[in-house]
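One structure is given below, encoded as structure tokens.
The values are calculated or read from the model by the stated rules, or taken from the named source; none is laboratory data. These numbers were taken from a predicted model, which means no experiment stands behind them. Because the Cβ atoms are built from the backbone with ideal geometry, glycine has one as well, and the counts that use them run over all protein chains shown. All accessible areas refer to the heavy atoms of the entire protein, side chains included, with ligands and DNA or RNA removed. Shrake-Rupley method; radii C 1.70, N 1.55, O 1.52, S 1.80 Å.
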Amino acid sequence: MNPSVNLSELNARVLAACAELARLTEVPGETTRPYLCPSTRDVHAFLFAWAARLDLSVRVDAVGNLRARREGPRPDAPTLYAGSHIDTVPNAGAFDGVLGVLLAYALAEAVQGQELPFALELLAFSEEEGVRYGVPFIGSRALTGTADAMLGLTDADGLTVADAITQFGLNPDQLPEARVQGQSLGFLEFHIEQGPVLQAAGAAVGVVTAIAGQNRVLLDFTGRASHAGTTPMLHRRDALAAAARFVVAAEDRARHTPGLVATVGVMHARPGAINIVPGDVHCTLDIRHEHDAVRLEKLPLLLADAERFATERGVTLTVTPKMEEPATPMDAGFRALLHRAAEAEGLAHPELVSGAGHDAMVMATVMPAAMLFIRSPNALSHHPDEMVNAEDVEAALRVGVRFVEELAQEVRA
Ligand code: GLV
Ligand code: MN
Ligand code: MN
């Protein structure tokens, strides 16, 4: 480590930066930063300034990822990637994604001036949450060459991903240049756990073994709007009654299947008046499990439930799959390195599965990927009360510095 760097002071700057970036938002009083919204520019400016202080070269690639790079000792040296995402869910906390980006910057600062046998590229992915386009990981998919298929997706205003890129001043034709080039050593992502496991284990950090697989599906129930006072119950084609049954059935199936989580996070009923039987309902399903076999067994059962509830009411159902990601194991070698680094720092280092999706899932398709989770003391995320303990974040930074130093030794050997 650079001996002039004080990790406690660096950590304090990371936490102050999380608070500062949380104020960059589309909705005053909240942290709401969907993909390529105007406040993304302010986040870029903040990171650009930090990267400039570290003498890193910076570019914004064609999907809006900010990429800060420290070159390796030779043009053909491999690259270690580190980072996370800067988009947020609506009314988010201050740490989901951003903390991982800022810890990557802190890591680069901690090893500044130290010789490394590899290049280091810090990644601030522009889109991970999948809120604006219903499909997550647009940022990391650009690095793996799989974002092209996303360009035609439309948001609630009918703007395509390509439109959003162009409006932001970027060029979707340059997508191929966003792909990782040359040899990759791997990808390291720091992230808050967003759940209760590390808090229950009394551990500041944990090593992720695998990221749960998931499906996201849209369901459209189409019945018939009619008069709430004059349509007898048996003559109704109530789309919302069918959808409501489906929500409860999804909850029941998940409750009775260990490890399964199923969520209906969006439901819009139309026409939406107190005296009209709802004719149309649009809703979403998000279903996840660490074992693909369980998820793939339960998903068709849930969709069959939805079909049955619709048919019983003379309602038709249209199912549109939005995305499917298999469960993704993290790289064994990088995991072992994280364990050794945490051990050397005198920290407990339990293993855990991630229920949340992460860019590491996508990066793992082209290079070794690993995640270090940081305790969520209140087990809360996708909520403004999301929190971290300062000392846990510093522990993660220390583990990260050891990880880089040990990796450097391995590469040199
Ligand atoms: C991302 O936060 C997700 O897992 O939905
Ligand atoms: Mn996240
Ligand atoms: Mn998230």
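Along the three principal axes, how long is region 267-413 when you take its alpha carbons, biggest first, rounded to the nearest angstrom?
Sorted largest first, the three principal extents are 69, 33, 21 Å.
Report, please, the projected area of region 205-244 averaged over directions, based on the convex hull of its C-alpha atoms, in nm². Present the calculation step by step, with values, prior to reporting the outcome.
Numbers: hull surface 22.0 nm².
With every direction weighted equally, the projected area is 5.5 nm².
In what sequence, highest mean first, do 340-349, 281-290 appear when ranked by Cβ atoms within 10 angstrom? Provide the component values of the computation, followed by the final result.
On the way: 340-349: 16.7, 281-290: 21.8.
So the peptides 340-349, 281-290, ranked by packing, come out 281-290, 340-349.
Per residue, how many Å² of accessible area does region 213-325 show with a 1.4 Å probe? The partial results should precede the final answer.
Values: 5920 Å² over 113 residues.
Accessible surface, normalised per residue, equals 52 Å².
Tell me the mean residue ellipticity at 222 nm calculated for the chain from its helices only (DSSP H runs of n ≥ 4, each -39500 (n - 2.57), averaged over every residue, nearest 500).
Numbers: 11 runs with 142 residues, N = 413.
Taken over the chain, the calculation gives -11000 deg cm²/dmol.
Between region 307-375 and region 152-204, what is the C-alpha centre distance in whole Å?
14 Å
Give, in whole angstrom and from largest to smallest, the semi-axes √(5λ) of the equivalent ellipsoid of region 213-325, with λ running over the eigenvalues of the Cα gyration tensor. It would help to have the intermediate numbers written out before the result.
Details: eigenvalues 163, 31, 23 Å².
Equivalent-ellipsoid dimensions as semi-axes: 29, 12, 11 Å.
First compute the accessible area of region 213-325 with a 1.4 Å probe, then give the percent of it belonging to carbon and sulfur atoms.
Working: 3410 of 5920 Å².
It is 58 percent, rounded to a whole number.
How big is the Cα convex hull of region 131-234 in projection, averaged over all directions, in nm²?
Values: hull surface 52.9 nm².
That works out to 13.2 nm², a quarter of the Cα hull's surface.
To test your reading of the geometry: what angle, between 0 and 90 degrees and rounded to tens, separates the Cα axis of helix 239-255 from the longest principal axis of the chain?
Its long axis makes an angle of about 50 degrees.
Expressed in nm², what is the orientationally averaged projection area of the convex hull enclosing the Cα positions of the chain?
Values: hull surface 82.3 nm².
Result: a mean projected hull area of 20.6 nm².
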